[in-house]
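Input: a single structure, listed below in C-alpha coordinates.
The values are calculated or read from the model by the stated rules, or taken from the named source; none is laboratory data. Bear in mind the structure is a predicted one, so any value in this text is a computation, not a measurement. Because the Cβ atoms are built from the backbone with ideal geometry, glycine has one as well, and the counts that use them run over all protein chains shown. These accessible areas exclude ligands, DNA and RNA; they are computed on the full protein's heavy atoms, side chains included. Shrake-Rupley method; radii C 1.70, N 1.55, O 1.52, S 1.80 Å.
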Amino acid sequence: MESPDFDIVIIGGGHNGLVAAAYLAKAGKSVVVLEQHDVLGGAAVSTKAFEGVDAKLSRYSYLVSLLPTQIINDLGLDVKIAPRRFGSFTPARGGEVGLLIDESDAVATKDSFESVGAAGDFEAWQKFYKKTETVATRLFPSLLEPLSTESDVKESLGSDLWTEFFDQPIGRTIENTFESDLVRGIVMTDALIGTFAPLHDEALDANKCFLYHVIGNGTGEWNIPIGGMGAVTQSMATRAHAFGAELRSGCKVLTIDTPPTTTEASRHTVTYDHDGRTRSVSARYVLANVARPVLESLRGRSPVHTIEGAQVKVNMMLTRLPKLKTHTDPVAAFGGTLHINEGFEQLQVAFEQASRGEIPQPLPCEVYCHSITDSTILGPDLRELGAQTLTVFALQTPHSLLRDKNGTEMRKALQDAVIESINSILSEDIRDLLVVDSNGNPCIETKTTLDLEQALGLPGGNIFHGPLSWPFVADNAPRSTPAERWGVDSGEPRIFYCGSTARRGGAVSGIGGHNAAMAVLESD
(Lines give C-alpha, C1' and ligand atoms only; values in the text may rest on other atoms or scores of the structure.)
Protein backbone atom coordinates (compact mmCIF):
# COMPACT_ATOMS: atom_id res chain seq x y z
CA MET A 1 0.00 0.00 0.00
CA GLU A 2 1.27 3.47 -0.87
CA SER A 3 1.47 5.68 2.19
CA PRO A 4 -0.70 8.81 1.99
CA ASP A 5 1.17 10.80 4.66
CA PHE A 6 4.71 12.16 4.56
CA ASP A 7 6.86 14.83 6.13
CA ILE A 8 7.69 16.21 2.69
CA VAL A 9 6.28 15.78 -0.80
CA ILE A 10 8.50 16.87 -3.69
CA ILE A 11 6.88 17.82 -6.97
CA GLY A 12 9.20 16.99 -9.84
CA GLY A 13 11.84 14.27 -9.98
CA GLY A 14 14.50 16.22 -11.78
CA HIS A 15 18.02 16.41 -10.38
CA ASN A 16 17.13 19.05 -7.78
CA GLY A 17 14.13 17.12 -6.53
CA LEU A 18 16.23 13.99 -6.19
CA VAL A 19 19.00 15.84 -4.33
CA ALA A 20 16.46 17.33 -1.91
CA ALA A 21 14.88 13.91 -1.40
CA ALA A 22 18.25 12.32 -0.65
CA TYR A 23 19.26 14.95 1.91
CA LEU A 24 15.90 14.86 3.68
CA ALA A 25 15.60 11.09 3.71
CA LYS A 26 19.16 10.84 4.97
CA ALA A 27 18.11 13.14 7.83
CA GLY A 28 15.32 10.72 8.76
CA LYS A 29 12.38 12.48 7.13
CA SER A 30 9.66 10.63 5.25
CA VAL A 31 9.77 11.85 1.67
CA VAL A 32 7.89 11.12 -1.54
CA VAL A 33 8.84 12.41 -4.99
CA LEU A 34 6.12 12.73 -7.64
CA GLU A 35 7.48 12.80 -11.20
CA GLN A 36 5.12 13.18 -14.16
CA HIS A 37 7.30 11.28 -16.63
CA ASP A 38 7.97 7.56 -16.56
CA VAL A 39 11.69 8.17 -16.11
CA LEU A 40 13.20 10.19 -13.27
CA GLY A 41 15.67 12.94 -14.04
CA GLY A 42 13.63 15.74 -15.61
CA ALA A 43 15.73 17.60 -18.17
CA ALA A 44 18.89 15.77 -17.07
CA VAL A 45 18.27 12.42 -18.75
CA SER A 46 19.89 10.24 -21.38
CA THR A 47 17.76 8.88 -24.21
CA LYS A 48 18.09 6.66 -27.24
CA ALA A 49 16.66 9.42 -29.41
CA PHE A 50 16.91 7.67 -32.77
CA GLU A 51 15.10 4.44 -33.62
CA GLY A 52 17.45 1.46 -33.71
CA VAL A 53 20.55 3.57 -33.00
CA ASP A 54 22.48 2.48 -29.90
CA ALA A 55 23.47 5.88 -28.54
CA LYS A 56 22.43 7.39 -25.20
CA LEU A 57 22.18 11.11 -25.85
CA SER A 58 22.00 13.72 -23.11
CA ARG A 59 18.84 15.01 -24.73
CA TYR A 60 18.41 18.34 -22.94
CA SER A 61 21.14 19.11 -20.37
CA TYR A 62 24.58 18.02 -21.50
CA LEU A 63 27.56 19.41 -19.49
CA VAL A 64 28.38 19.64 -15.77
CA SER A 65 30.04 22.56 -13.99
CA LEU A 66 27.88 23.78 -11.11
CA LEU A 67 27.27 20.43 -9.36
CA PRO A 68 29.26 20.94 -6.13
CA THR A 69 31.74 18.31 -5.08
CA GLN A 70 30.25 18.70 -1.59
CA ILE A 71 26.88 17.36 -2.77
CA ILE A 72 28.56 14.42 -4.50
CA ASN A 73 30.43 13.58 -1.29
CA ASP A 74 27.53 14.26 1.11
CA LEU A 75 25.24 11.88 -0.74
CA GLY A 76 27.84 9.36 -1.88
CA LEU A 77 26.91 9.85 -5.53
CA ASP A 78 28.51 7.64 -8.13
CA VAL A 79 29.12 10.53 -10.51
CA LYS A 80 32.16 10.66 -12.76
CA ILE A 81 33.01 13.67 -14.86
CA ALA A 82 35.87 14.13 -17.29
CA PRO A 83 37.58 17.34 -18.38
CA ARG A 84 37.78 18.32 -22.01
CA ARG A 85 41.32 18.65 -23.41
CA PHE A 86 40.45 21.72 -25.46
CA GLY A 87 38.65 24.78 -24.18
CA SER A 88 37.25 26.04 -27.45
CA PHE A 89 37.80 26.52 -31.15
CA THR A 90 36.47 29.51 -33.07
CA PRO A 91 36.87 29.93 -36.83
CA ALA A 92 37.40 33.52 -37.90
CA ARG A 93 35.13 35.01 -40.55
CA GLY A 94 35.88 33.41 -43.87
CA GLY A 95 36.77 30.17 -42.11
CA GLU A 96 40.40 29.96 -43.21
CA VAL A 97 41.92 30.36 -39.72
CA GLY A 98 40.61 29.89 -36.19
CA LEU A 99 41.43 30.41 -32.53
CA LEU A 100 42.14 27.20 -30.61
CA ILE A 101 42.24 27.35 -26.82
CA ASP A 102 44.37 24.37 -25.73
CA GLU A 103 44.04 23.96 -21.97
CA SER A 104 47.28 21.96 -21.77
CA ASP A 105 49.47 24.02 -24.10
CA ALA A 106 49.80 27.74 -23.38
CA VAL A 107 52.42 28.20 -26.12
CA ALA A 108 50.16 26.73 -28.79
CA THR A 109 47.28 28.86 -27.53
CA LYS A 110 49.42 32.01 -27.70
CA ASP A 111 50.43 31.13 -31.26
CA SER A 112 46.78 30.63 -32.14
CA PHE A 113 45.91 34.11 -30.86
CA GLU A 114 48.61 35.48 -33.15
CA SER A 115 47.30 33.49 -36.12
CA VAL A 116 43.91 35.25 -35.96
CA GLY A 117 45.44 38.71 -35.52
CA ALA A 118 44.71 38.91 -31.79
CA ALA A 119 48.21 38.61 -30.33
CA GLY A 120 47.60 41.45 -27.89
CA ASP A 121 44.57 39.71 -26.43
CA PHE A 122 46.41 36.60 -25.21
CA GLU A 123 47.73 38.26 -22.07
CA ALA A 124 44.40 40.05 -21.57
CA TRP A 125 42.65 36.64 -21.81
CA GLN A 126 44.82 35.19 -19.09
CA LYS A 127 44.32 38.17 -16.78
CA PHE A 128 40.56 38.24 -17.40
CA TYR A 129 40.07 34.61 -16.48
CA LYS A 130 42.29 34.99 -13.44
CA LYS A 131 39.72 37.55 -12.33
CA THR A 132 36.78 35.23 -12.96
CA GLU A 133 38.64 32.50 -11.05
CA THR A 134 39.00 34.88 -8.09
CA VAL A 135 35.26 35.58 -8.23
CA ALA A 136 34.58 31.85 -8.44
CA THR A 137 36.76 30.81 -5.51
CA ARG A 138 35.28 33.48 -3.24
CA LEU A 139 31.64 33.18 -4.31
CA PHE A 140 30.97 29.55 -5.18
CA PRO A 141 31.25 28.10 -1.63
CA SER A 142 28.50 30.50 -0.51
CA LEU A 143 25.98 28.85 -2.84
CA LEU A 144 25.52 26.04 -0.31
CA GLU A 145 25.15 28.44 2.60
CA PRO A 146 22.43 30.86 3.72
CA LEU A 147 22.30 33.84 1.38
CA SER A 148 24.98 36.51 1.62
CA THR A 149 24.10 40.16 1.26
CA GLU A 150 25.21 42.41 -1.56
CA SER A 151 27.51 44.30 0.81
CA ASP A 152 29.12 41.06 1.98
CA VAL A 153 29.92 40.00 -1.57
CA LYS A 154 31.14 43.42 -2.61
CA GLU A 155 33.48 43.57 0.38
CA SER A 156 34.77 40.07 -0.33
CA LEU A 157 35.52 40.79 -3.99
CA GLY A 158 36.66 44.40 -3.84
CA SER A 159 35.39 47.39 -5.79
CA ASP A 160 37.23 46.64 -9.06
CA LEU A 161 35.82 43.12 -9.51
CA TRP A 162 32.42 44.32 -8.35
CA THR A 163 32.35 47.04 -11.00
CA GLU A 164 33.56 44.79 -13.82
CA PHE A 165 31.24 41.83 -13.23
CA PHE A 166 28.30 43.03 -11.14
CA ASP A 167 27.78 46.75 -11.60
CA GLN A 168 28.16 47.46 -15.32
CA PRO A 169 27.03 45.48 -18.38
CA ILE A 170 29.38 42.55 -18.94
CA GLY A 171 29.59 43.52 -22.61
CA ARG A 172 31.19 46.83 -21.61
CA THR A 173 33.74 45.01 -19.45
CA ILE A 174 34.54 42.69 -22.36
CA GLU A 175 34.93 45.62 -24.77
CA ASN A 176 37.24 47.39 -22.33
CA THR A 177 39.37 44.25 -21.92
CA PHE A 178 39.82 42.85 -25.45
CA GLU A 179 40.51 44.36 -28.85
CA SER A 180 39.57 41.51 -31.20
CA ASP A 181 35.91 41.15 -32.20
CA LEU A 182 36.47 37.40 -32.38
CA VAL A 183 37.86 37.17 -28.84
CA ARG A 184 35.19 39.47 -27.46
CA GLY A 185 32.52 37.24 -28.96
CA ILE A 186 33.95 34.05 -27.46
CA VAL A 187 33.88 35.59 -23.99
CA MET A 188 30.42 37.10 -24.46
CA THR A 189 28.76 33.79 -25.33
CA ASP A 190 28.77 32.70 -21.69
CA ALA A 191 26.48 35.66 -20.99
CA LEU A 192 23.93 34.62 -23.62
CA ILE A 193 23.43 30.87 -23.22
CA GLY A 194 19.70 30.62 -22.60
CA THR A 195 19.49 34.40 -22.07
CA PHE A 196 18.22 36.82 -24.71
CA ALA A 197 20.05 40.10 -24.27
CA PRO A 198 21.99 42.81 -26.10
CA LEU A 199 25.71 43.21 -25.58
CA HIS A 200 25.22 46.28 -23.40
CA ASP A 201 22.48 44.85 -21.22
CA GLU A 202 21.61 47.53 -18.70
CA ALA A 203 19.25 45.08 -16.93
CA LEU A 204 22.38 42.95 -16.17
CA ASP A 205 20.61 39.67 -17.02
CA ALA A 206 23.61 38.85 -19.21
CA ASN A 207 25.92 39.46 -16.22
CA LYS A 208 24.01 36.95 -14.12
CA CYS A 209 24.14 34.38 -16.89
CA PHE A 210 27.87 34.97 -17.35
CA LEU A 211 28.49 34.64 -13.62
CA TYR A 212 26.89 31.22 -13.34
CA HIS A 213 28.90 30.03 -16.33
CA VAL A 214 32.28 30.91 -14.81
CA ILE A 215 32.04 30.03 -11.09
CA GLY A 216 31.35 26.29 -11.08
CA ASN A 217 33.27 24.56 -8.26
CA GLY A 218 35.61 27.52 -8.07
CA THR A 219 37.06 26.91 -11.54
CA GLY A 220 34.26 27.47 -14.03
CA GLU A 221 35.24 24.33 -15.96
CA TRP A 222 32.49 22.57 -17.91
CA ASN A 223 33.01 18.83 -17.98
CA ILE A 224 31.57 15.72 -19.58
CA PRO A 225 29.38 13.42 -17.42
CA ILE A 226 30.66 9.91 -18.01
CA GLY A 227 27.80 7.71 -19.18
CA GLY A 228 25.70 10.72 -20.11
CA MET A 229 23.57 13.06 -18.05
CA GLY A 230 21.23 10.20 -17.22
CA ALA A 231 24.03 8.53 -15.26
CA VAL A 232 24.14 11.58 -12.97
CA THR A 233 20.42 11.59 -12.15
CA GLN A 234 20.27 7.80 -11.96
CA SER A 235 22.88 7.93 -9.21
CA MET A 236 20.89 10.64 -7.42
CA ALA A 237 17.74 8.51 -7.60
CA THR A 238 19.62 5.44 -6.38
CA ARG A 239 20.97 7.27 -3.34
CA ALA A 240 17.64 8.94 -2.51
CA HIS A 241 15.95 5.54 -2.60
CA ALA A 242 18.72 3.98 -0.50
CA PHE A 243 18.19 6.65 2.16
CA GLY A 244 14.48 5.78 2.25
CA ALA A 245 12.81 8.27 -0.09
CA GLU A 246 9.82 7.00 -2.04
CA LEU A 247 10.14 7.76 -5.76
CA ARG A 248 6.97 7.63 -7.83
CA SER A 249 7.11 8.16 -11.60
CA GLY A 250 4.19 8.58 -13.99
CA CYS A 251 2.48 10.86 -11.46
CA LYS A 252 1.13 14.12 -12.86
CA VAL A 253 0.38 16.54 -10.03
CA LEU A 254 -3.02 18.23 -10.35
CA THR A 255 -3.46 20.43 -7.29
CA ILE A 256 -1.88 21.57 -4.04
CA ASP A 257 -4.48 22.36 -1.37
CA THR A 258 -3.88 23.97 2.01
CA PRO A 259 -6.41 24.42 4.82
CA PRO A 260 -7.81 27.99 4.97
CA THR A 261 -6.20 28.48 8.37
CA THR A 262 -2.67 27.14 8.59
CA THR A 263 -1.11 26.01 11.85
CA GLU A 264 2.03 24.12 12.70
CA ALA A 265 -0.01 20.93 12.59
CA SER A 266 -1.77 21.60 9.27
CA ARG A 267 -0.83 19.66 6.18
CA HIS A 268 -0.85 20.28 2.45
CA THR A 269 -2.79 17.85 0.27
CA VAL A 270 -1.33 17.09 -3.13
CA THR A 271 -3.53 15.34 -5.67
CA TYR A 272 -2.08 13.66 -8.73
CA ASP A 273 -3.03 11.39 -11.59
CA HIS A 274 -1.43 7.96 -11.87
CA ASP A 275 -2.56 5.54 -14.59
CA GLY A 276 -5.82 7.43 -14.99
CA ARG A 277 -6.67 7.35 -11.30
CA THR A 278 -6.69 10.38 -9.02
CA ARG A 279 -4.71 9.86 -5.83
CA SER A 280 -3.48 12.12 -3.06
CA VAL A 281 -0.78 12.46 -0.43
CA SER A 282 -0.43 14.88 2.46
CA ALA A 283 2.67 16.47 3.91
CA ARG A 284 3.76 19.28 6.20
CA TYR A 285 6.09 20.62 3.52
CA VAL A 286 5.86 20.77 -0.25
CA LEU A 287 9.01 21.29 -2.30
CA ALA A 288 8.22 22.58 -5.78
CA ASN A 289 10.73 21.62 -8.44
CA VAL A 290 8.72 23.60 -10.99
CA ALA A 291 8.57 27.12 -12.42
CA ARG A 292 6.59 29.83 -10.66
CA PRO A 293 3.66 29.86 -13.16
CA VAL A 294 3.32 26.08 -12.77
CA LEU A 295 3.13 26.37 -8.98
CA GLU A 296 0.55 29.15 -9.27
CA SER A 297 -1.57 26.95 -11.52
CA LEU A 298 -1.35 24.02 -9.08
CA ARG A 299 -2.54 26.36 -6.35
CA GLY A 300 -5.62 27.22 -8.44
CA ARG A 301 -4.43 30.65 -9.49
CA SER A 302 -3.98 32.19 -12.91
CA PRO A 303 -0.25 32.61 -13.62
CA VAL A 304 0.72 36.26 -13.84
CA HIS A 305 4.34 35.80 -14.85
CA THR A 306 5.43 35.83 -18.49
CA ILE A 307 8.55 33.75 -18.94
CA GLU A 308 10.60 33.27 -22.09
CA GLY A 309 13.55 31.07 -22.88
CA ALA A 310 16.08 31.75 -25.63
CA GLN A 311 17.74 28.75 -27.22
CA VAL A 312 17.46 26.00 -29.80
CA LYS A 313 19.07 22.63 -29.22
CA VAL A 314 19.93 20.18 -32.00
CA ASN A 315 21.18 16.63 -31.45
CA MET A 316 22.92 14.75 -34.25
CA MET A 317 24.51 11.36 -34.77
CA LEU A 318 27.34 11.45 -37.34
CA THR A 319 29.30 8.69 -39.05
CA ARG A 320 32.44 10.73 -38.31
CA LEU A 321 33.52 14.24 -37.38
CA PRO A 322 33.26 16.72 -40.24
CA LYS A 323 36.19 18.45 -41.95
CA LEU A 324 36.70 22.17 -41.46
CA LYS A 325 37.76 24.88 -43.91
CA THR A 326 40.59 25.71 -41.49
CA HIS A 327 41.95 22.15 -41.86
CA THR A 328 42.10 21.99 -38.06
CA ASP A 329 42.13 18.51 -36.56
CA PRO A 330 38.40 17.80 -35.99
CA VAL A 331 39.17 16.20 -32.63
CA ALA A 332 40.68 19.49 -31.48
CA ALA A 333 37.96 21.63 -33.07
CA PHE A 334 35.08 19.60 -31.64
CA GLY A 335 36.87 18.50 -28.46
CA GLY A 336 35.85 21.60 -26.52
CA THR A 337 33.26 24.21 -27.44
CA LEU A 338 33.13 25.04 -31.13
CA HIS A 339 31.93 28.63 -31.58
CA ILE A 340 30.30 29.41 -34.92
CA ASN A 341 29.26 32.89 -36.08
CA GLU A 342 29.67 34.22 -32.56
CA GLY A 343 31.78 37.30 -33.12
CA PHE A 344 30.94 40.22 -30.83
CA GLU A 345 29.26 42.20 -33.59
CA GLN A 346 27.46 39.10 -34.89
CA LEU A 347 25.90 38.48 -31.47
CA GLN A 348 24.51 42.02 -31.37
CA VAL A 349 23.18 41.82 -34.94
CA ALA A 350 21.54 38.49 -34.07
CA PHE A 351 19.85 40.12 -31.07
CA GLU A 352 18.52 42.93 -33.24
CA GLN A 353 17.25 40.53 -35.91
CA ALA A 354 15.49 38.33 -33.36
CA SER A 355 13.98 41.41 -31.71
CA ARG A 356 12.33 42.14 -35.06
CA GLY A 357 10.91 38.61 -35.17
CA GLU A 358 13.50 37.27 -37.61
CA ILE A 359 15.58 34.12 -37.26
CA PRO A 360 19.16 35.47 -37.02
CA GLN A 361 21.27 35.04 -40.14
CA PRO A 362 23.85 33.75 -39.59
CA LEU A 363 22.64 31.98 -36.46
CA PRO A 364 25.18 32.03 -33.57
CA CYS A 365 25.85 28.41 -32.58
CA GLU A 366 27.92 26.44 -30.09
CA VAL A 367 28.77 22.80 -30.76
CA TYR A 368 29.76 20.08 -28.27
CA CYS A 369 30.85 16.51 -28.89
CA HIS A 370 30.29 14.25 -25.87
CA SER A 371 31.59 11.08 -27.50
CA ILE A 372 35.15 12.36 -28.09
CA THR A 373 35.68 12.41 -24.32
CA ASP A 374 33.27 9.62 -23.37
CA SER A 375 32.58 6.87 -25.90
CA THR A 376 30.64 4.76 -23.35
CA ILE A 377 27.40 6.41 -24.52
CA LEU A 378 27.83 4.63 -27.88
CA GLY A 379 27.15 0.98 -28.62
CA PRO A 380 30.02 -1.20 -29.93
CA ASP A 381 28.94 -0.95 -33.59
CA LEU A 382 28.90 2.84 -33.48
CA ARG A 383 32.28 2.94 -31.74
CA GLU A 384 33.74 0.64 -34.41
CA LEU A 385 32.27 2.88 -37.12
CA GLY A 386 33.93 5.93 -35.57
CA ALA A 387 30.55 7.61 -35.11
CA GLN A 388 30.23 10.74 -33.01
CA THR A 389 27.43 12.65 -31.31
CA LEU A 390 27.04 16.38 -31.79
CA THR A 391 24.98 18.79 -29.72
CA VAL A 392 24.35 22.25 -31.14
CA PHE A 393 23.09 25.10 -28.97
CA ALA A 394 21.87 28.18 -30.85
CA LEU A 395 21.87 31.60 -29.15
CA GLN A 396 19.69 34.73 -29.53
CA THR A 397 16.59 32.67 -30.39
CA PRO A 398 13.86 33.92 -28.01
CA HIS A 399 10.56 32.16 -27.48
CA SER A 400 8.83 35.15 -29.09
CA LEU A 401 10.02 33.84 -32.47
CA LEU A 402 7.64 30.90 -32.07
CA ARG A 403 4.68 32.63 -30.49
CA ASP A 404 1.54 32.28 -32.64
CA LYS A 405 3.57 30.35 -35.24
CA ASN A 406 3.31 26.79 -36.50
CA GLY A 407 5.63 24.81 -34.22
CA THR A 408 6.56 22.23 -36.86
CA GLU A 409 7.38 24.85 -39.49
CA MET A 410 9.42 26.92 -37.04
CA ARG A 411 11.34 23.87 -35.85
CA LYS A 412 12.33 23.11 -39.43
CA ALA A 413 13.25 26.73 -40.14
CA LEU A 414 15.42 26.91 -37.04
CA GLN A 415 17.03 23.54 -37.82
CA ASP A 416 17.80 24.74 -41.36
CA ALA A 417 19.39 27.89 -39.90
CA VAL A 418 21.54 25.75 -37.60
CA ILE A 419 22.66 23.56 -40.51
CA GLU A 420 23.47 26.61 -42.63
CA SER A 421 25.50 28.13 -39.80
CA ILE A 422 27.49 24.94 -39.22
CA ASN A 423 28.12 24.39 -42.92
CA SER A 424 29.55 27.91 -43.19
CA ILE A 425 32.74 26.72 -41.46
CA LEU A 426 32.93 23.20 -42.94
CA SER A 427 34.45 21.96 -46.20
CA GLU A 428 31.58 19.47 -46.58
CA ASP A 429 27.84 19.34 -45.91
CA ILE A 430 27.19 17.99 -42.42
CA ARG A 431 23.92 16.44 -43.62
CA ASP A 432 25.95 13.96 -45.70
CA LEU A 433 27.47 12.60 -42.47
CA LEU A 434 24.25 11.90 -40.57
CA VAL A 435 23.71 8.31 -39.45
CA VAL A 436 20.44 6.85 -40.73
CA ASP A 437 18.09 5.22 -38.22
CA SER A 438 16.25 1.90 -38.67
CA ASN A 439 13.40 3.70 -40.43
CA GLY A 440 15.71 5.31 -42.96
CA ASN A 441 15.55 8.75 -41.36
CA PRO A 442 18.63 10.92 -40.76
CA CYS A 443 19.61 11.10 -37.09
CA ILE A 444 18.91 14.73 -36.25
CA GLU A 445 16.41 16.16 -33.77
CA THR A 446 15.70 19.77 -32.90
CA LYS A 447 14.23 21.04 -29.64
CA THR A 448 12.80 24.56 -29.60
CA THR A 449 11.57 26.54 -26.63
CA LEU A 450 8.05 25.43 -27.57
CA ASP A 451 9.16 21.78 -27.45
CA LEU A 452 10.66 22.28 -23.98
CA GLU A 453 7.47 23.95 -22.81
CA GLN A 454 5.34 21.06 -24.03
CA ALA A 455 7.66 18.17 -23.10
CA LEU A 456 9.09 19.38 -19.78
CA GLY A 457 6.58 21.95 -18.57
CA LEU A 458 9.09 24.80 -18.79
CA PRO A 459 7.10 28.01 -19.38
CA GLY A 460 8.37 29.71 -22.51
CA GLY A 461 10.97 26.96 -22.79
CA ASN A 462 13.12 28.75 -20.23
CA ILE A 463 15.87 26.37 -19.12
CA PHE A 464 16.33 28.39 -15.92
CA HIS A 465 12.59 28.29 -15.06
CA GLY A 466 12.60 32.10 -15.22
CA PRO A 467 14.90 35.14 -15.08
CA LEU A 468 18.18 34.44 -13.32
CA SER A 469 18.88 36.16 -10.01
CA TRP A 470 22.10 37.11 -8.27
CA PRO A 471 23.39 34.48 -5.81
CA PHE A 472 23.00 37.03 -2.99
CA VAL A 473 20.32 39.45 -1.81
CA ALA A 474 20.02 43.18 -1.21
CA ASP A 475 21.08 44.34 2.22
CA ASN A 476 17.48 45.11 3.19
CA ALA A 477 15.97 41.87 1.84
CA PRO A 478 13.93 39.84 4.36
CA ARG A 479 15.88 36.94 5.86
CA SER A 480 13.88 36.18 8.98
CA THR A 481 12.67 32.72 7.94
CA PRO A 482 14.70 29.68 6.86
CA ALA A 483 13.07 29.79 3.42
CA GLU A 484 14.16 33.40 2.96
CA ARG A 485 17.66 32.77 4.27
CA TRP A 486 18.17 29.84 1.88
CA GLY A 487 16.59 31.57 -1.13
CA VAL A 488 13.75 29.06 -1.58
CA ASP A 489 10.76 31.07 -0.36
CA SER A 490 7.62 30.80 -2.50
CA GLY A 491 5.53 33.19 -0.44
CA GLU A 492 3.36 30.24 0.63
CA PRO A 493 3.52 28.69 4.12
CA ARG A 494 5.80 25.62 4.05
CA ILE A 495 5.91 25.50 0.25
CA PHE A 496 9.51 25.96 -0.90
CA TYR A 497 11.06 26.11 -4.33
CA CYS A 498 13.68 23.41 -4.71
CA GLY A 499 14.57 23.70 -8.39
CA SER A 500 15.82 26.29 -10.83
CA THR A 501 13.21 28.81 -9.65
CA ALA A 502 15.02 29.03 -6.33
CA ARG A 503 17.61 31.75 -5.99
CA ARG A 504 20.91 30.17 -7.05
CA GLY A 505 19.01 27.66 -9.17
CA GLY A 506 19.68 26.89 -12.81
CA ALA A 507 21.87 24.32 -14.63
CA VAL A 508 22.54 20.81 -13.35
CA SER A 509 23.78 21.77 -9.90
CA GLY A 510 21.57 20.28 -7.20
CA ILE A 511 22.08 23.55 -5.32
CA GLY A 512 18.37 24.40 -5.28
CA GLY A 513 17.57 20.94 -3.94
CA HIS A 514 20.24 21.14 -1.27
CA ASN A 515 19.14 24.57 -0.11
CA ALA A 516 15.45 23.65 0.05
CA ALA A 517 16.33 20.60 2.15
CA MET A 518 18.39 22.77 4.50
CA ALA A 519 15.47 25.20 4.85
CA VAL A 520 13.13 22.34 5.81
CA LEU A 521 15.57 20.94 8.36
CA GLU A 522 16.15 24.39 9.83
CA SER A 523 12.38 25.00 10.03
CA ASP A 524 11.66 21.84 12.01
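Okay, here's what the table says:
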item: Dipole magnitude (debye, nearest 20) for the range 233-317, charges at Cβ of Lys, Arg, Asp, Glu; result: 80
item: Cα gyration tensor shape for the range 267-369, rounded if a/c is under 1.5, else prolate or oblate; result: prolate
item: Area accessible to solvent at LEU157, 1.4 Å probe radius, in Å²; result: 10
item: The chain: relative contact order in percent, alpha carbon pairs under 8 Å with at least 6 residues between; result: 24
item: DSSP beta bridge pairing in the chain, given as percent antiparallel to the nearest 5; result: 70
item: Percent RCO, i.e. relative contact order, over the range 190-347, from Cα pairs under 8 Å lying at least 6 residues apart; result: 17
item: Listed candidates [x] 1.17; [y] 1.00; [z] 0.96 - label of the one calculated as Cα Rg over 2.2 N^0.38 Å; result: [z]
item: Per residue accessible area in Å² of the chain, where ligands, DNA and RNA are left out and the probe is 1.4 Å; result: 39
item: Separation between Cα centres of the range 47-105 and the range 355-424, rounded to whole Å; result: 15
item: Summed residue charge, Cβ within 9 Å of VAL33's Cβ, Lys/Arg positive, Asp/Glu negative; result: -1
item: Charge context of GLY52, other residues only, Cβ under 15 angstrom, K/R +1, D/E -1; result: -3
item: Gyration tensor (alpha-carbon) shape descriptor, the range 1-155, a/c threshold 1.5; result: oblate
item: Heavy-atom accessible surface of the range 359-437: percent carbon and sulfur, 1.4 Å; result: 46
item: Sulfur and carbon atoms: percent of accessible area, the range 140-200 [1.4 Å]; result: 39
item: GluC sites (Glu not before Pro) restricted to DSSP loop in the range 278-378 with at most 12 other C-beta within 10 Å; result: GLU358
item: Violating pairs (Cα-Cα greater than 20 angstrom) within the set LYS80/LYS130; LYS56/LYS313; LYS110/LYS130; LYS154/LYS208; LYS130/LYS208; LYS325/LYS412; result: LYS80/LYS130; LYS325/LYS412
